[in-house]
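Novice: Before we start, here is the structure in question, set down as structure tokens.
The values are calculated or read from the model by the stated rules, or taken from the named source; none is laboratory data. Source: prediction; values computed, not measured. All Cβ positions, glycine included, derive from the backbone under ideal geometry; neighbour counts span all protein chains shown.
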Amino acid sequence: MSEKSVFKKIIDGEIPCHKVYEDEHFLAFLDIHPQAPGHTLVIPKEEARWVWDVERYQEYWEIARILTNALRKAFGTEWVISKIVGDEVPHAHIHLFPVIDKDGSETEFEVIANKIKSHL
């Protein structure tokens with residue numbers, strides 16, 4: 001088997017992250033290179049290369065919906081962009097980020113994570 005992806009290392013606790021959500025099957029955390037404050041990645045804990053191959057596909061999208069609503073409330077916006085690119089890391093992931101004017105807090109990860117969690 002090939003080397004662990006960065007997401008697998010995060011799941012295994014080998015690399016720290018700013019968790020926004022976690023359950024038995026999924027993990028959501030802040031992107032370390034955010035496109036906007038609150039930029040969140042949603043990943044399955046069970047490895048799948050593509051979003052379309054995630055075993056609990058419907059549950060995955062339900063969690064993305066719940067997180068989107070938390071982002072909308074946390075940042076006072078109706079517009080949350082979702083992206084599924086998949087070439088950056090060979091592990092399924094969904095990008096979610098609110099469309100807001102950047103407020104300079106892009107690197108205040110702990111504050112942002114707590115703000116999002118307060119709306120879950």
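Novice: Being small (Gly, Ala, Ser) and either in a helix (DSSP H, G or I) or touching a residue at least 60 places away in the same chain (Cβ under 8 Å) (or both) is the filter; apply it to the stretch 99-113 and report the residue that is farthest from Val20 (Cα to Cα).
Specialist: Ranking the candidates gives Ser105 first.
Novice: On to the next question. Can you find, within the stretch 67-101, the residue that is modelled with the lowest pLDDT among those that are among the charged types (D, E, K, R) and under 15 Å from Val6 (Cα atoms)?
Specialist: Here the answer is Asp87.
Novice: I would also like to ask the following. Out of (1) assigned to a loop (DSSP other than H, G, I, E, B); (2) within 13 Å of Leu96 (Cα to Cα), what's the single condition that is false for Ala70?
Specialist: (1)
Novice: In the stretch 56-95, which residues are in contact (Cβ under 8 Å) with a residue 24 or more places away in the chain and among the basic types (Lys, Arg)?
Specialist: Arg56, Arg72, Lys73, listed by residue number.
Novice: I would also like to ask the following. Could you tell me how many of the residues in the stretch 1-28 are within 18 Å of Tyr57 (Cα to Cα) and either in contact with a Gly (Cβ under 9 Å, 6 or more places away or on another chain) or not aromatic (Phe, Trp, Tyr) (or both)?
Specialist: 6
Novice: Out of all the residues in the stretch 48-55, is one or more under 18 Å from Asn114 (Cβ atoms), more than 12 Å from the chain's Cα centre (by Cα) and among the aliphatic types (A, V, I, L, M)?
Specialist: The answer is no; no qualifying residue exists.
Novice: Residues of the stretch 75-98 being hydrophobic (A, V, I, L, M, F, W, C), surrounded by fewer than 21 Cβ atoms within 10 Å (Cβ to Cβ) and either in a strand (DSSP E or B) or under 15 Å from the mean Cα position of the chain (by Cα) (or both), which ones?
Specialist: Passing the criteria: Ile81, Ile84, Val85, Val89.
Novice: Further question on the same structure: Given the structure, is Pro16 loosely packed, with under 13 Cβ neighbours inside 10 Å and under 23 Å from His119 (Cα atoms)?
Specialist: Here the answer is yes, as Pro16 does meet what is asked.
Novice: Considering every residue within the stretch 40-48, establish whether at least one is over 14 Å from His91 (Cα atoms) and surrounded by 13 or more Cβ atoms within 10 Å (Cβ to Cβ).
Specialist: For the stretch 40-48, residues over 14 Å from His91 (Cα atoms) and surrounded by 13 or more Cβ atoms within 10 Å (Cβ to Cβ): present.
Novice: Being surrounded by fewer than 15 Cβ atoms within 10 Å (Cβ to Cβ), at pLDDT below 95 and of a type outside the set (Val, Ile, Thr), is that true of even one residue in the stretch 27-34?
Specialist: yes
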